[in-house]
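Below is one structure; the comments refer to it alone.
Nothing in this text is a laboratory measurement; each read-out follows from the coordinates by a stated rule. Predicted, not measured: the structure shown is a model, and the values here were computed from it. Cβ: placed from backbone, ideal geometry, glycine included. Neighbour counts: every protein chain shown.
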Amino acid sequence: MNIRNAKEILDCQVVCGEELLDQEIHTACGSDMMSDVLAFVKDQSILLTGLVNPQVIRTADMMDMLCIVFVRGKCPDQAMIDLANERGIVLMTTGHRMFTACGLLWENGLRGGN
Amino acid sequence: MENTLTLRYEVDGEDFTRAGEASAAVKRALKKMGVSPEVVRKVAIALYEGEINMVIHADGGVITVEVTPKEVRMELADHGKGIENIELAMQEGYSTAPDEVRSLGFGAGMGLPNMKKCSDEMKIESTVGVGTTVTMTVYIQ
Ligand SMILES: Nc1ncnc2c1ncn2[C@@H]1O[C@H](COP(=O)(O)OP(=O)(O)OP(=O)(O)O)[C@@H](O)[C@H]1O
Ligand SMILES: [Mg+2]
């Protein structure tokens, strides 16, 4: 699937990176601990998180991730949006909670990867 | 050695939101030089973990990165509180990070082991009350 499909499945609002939605995504991960994302994630291209601070974007950037979905309707601030724009990372928000958001993506064929 | 690129960054220990700027700049520079994605990724993750440590456990410091055709050598030097027991600090899950750091998404005690995993060589020198210097090397060839 691509980011646009994930957006529709999760009923997301796109915060930034509207022009980058056609990128393919194969695997995802969900975590509020950036330590774990850095230590365990390999080639996941989309990060679901309930954590809202600039280090979420920096972590995703270091891991070459394409998109961050903030769950439970959480909204990134302007500084985070500016950073994401600079790094070319799509930011989206969904009203779903973490468990449900991950479940919906799984149900539609996205997997966790290695 | 010829063809050595040296990058140097001061890391502000007071500004958590900017922690990671140096690592991102190094990542960009390596990418631009055409270094393989695998090496870029290892350097980026190792350096970012180290940079975050400098901010959350020390009072910032200086990062120096040397890129040669053979390897990427990173040095992270701080004048923070130092590490009392390096062997213990290297264990997965060991962390002295306060709850406040954990609420920011860090402090799982995974950073140093991850840095070791991402680098081909790693050395930590630390003196309590004086500071810590971490050196890591990632081979390009
Ligand atoms: N530069 C440093 N100065 C002083 N102490 C440090 C430094 N780097 C690491 N430490 C100590 O070593 C411990 C382990 O570090 P490590 O990076 O593995 O975990 P963490 O930073 O606590 O959590 P995580 O990296 O998972 O977010 C830290 O909790 C801290 O006590
Ligand atoms: Mg750490």
For chain B, what is the convex hull volume of its Cα atoms per residue in Å³?
102
If you consider only alpha-carbon coordinates, what radius of gyration and Dmax does the protein assembly as shown have, in Å?
18.2, 55
If a paramagnetic tag sat 7 Å from the Cα of B:Leu88 along the Cα-Cβ line, which residues of region B:34-56 would have the backbone N under 20 Å from that point?
B:53-54, B:56
Gain in length, B:Asp59 to B:Asp99, computed as 0.36 nm per residue apart minus the alpha-carbon separation, to one decimal in nm?
12.6 nm
Which distance in nm do the two modelled labels at A:Asp77 and B:Tyr139 give, with both placed 7 Å along the Cα-to-Cβ direction?
4.5
If you place +1 on the Cβ of every Lys and Arg and -1 on the Cβ of every Asp and Glu, how big does the dipole about the Cα centre of region B:5-139 come out, in debye to the nearest 20?
680
Space enclosed by the convex hull of the alpha-carbon atoms of region B:18-87, per residue, Å³
91
Tell me, what is the FRET efficiency for B:Asp120 and A:Glu8 to the nearest 0.05, using R0 = 51 angstrom and their Cβ-Cβ distance as r?
0.75
Among B:Val26, B:Val130, B:Val39, determine the one that fluctuates most according to a GNM of chain B built with springs between C-alpha atoms less than 10 Å apart.
B:Val130
Under a cut-off of 19 Å between alpha-carbon atoms, report the lysines in cross-link reach of B:Lys32, not counting same-chain residues fewer than 8 places apart.
B:Lys42, B:Lys70
Please average, across the residues of B:46-53, the number of beta carbons from any other chain that are within 10 Å of each residue's own beta carbon, and give a whole number.
3
Efficiency of FRET between B:Glu10 and A:Glu86 - r from beta-carbon atoms, R0 25 angstrom, step 0.05:
0.75
Add -39500 (n - 2.57) for each DSSP H run of 4 or more in the protein assembly as shown, then divide by its residues: what number comes out at 222 nm, to the nearest 500 deg cm²/dmol?
-10500 deg cm²/dmol
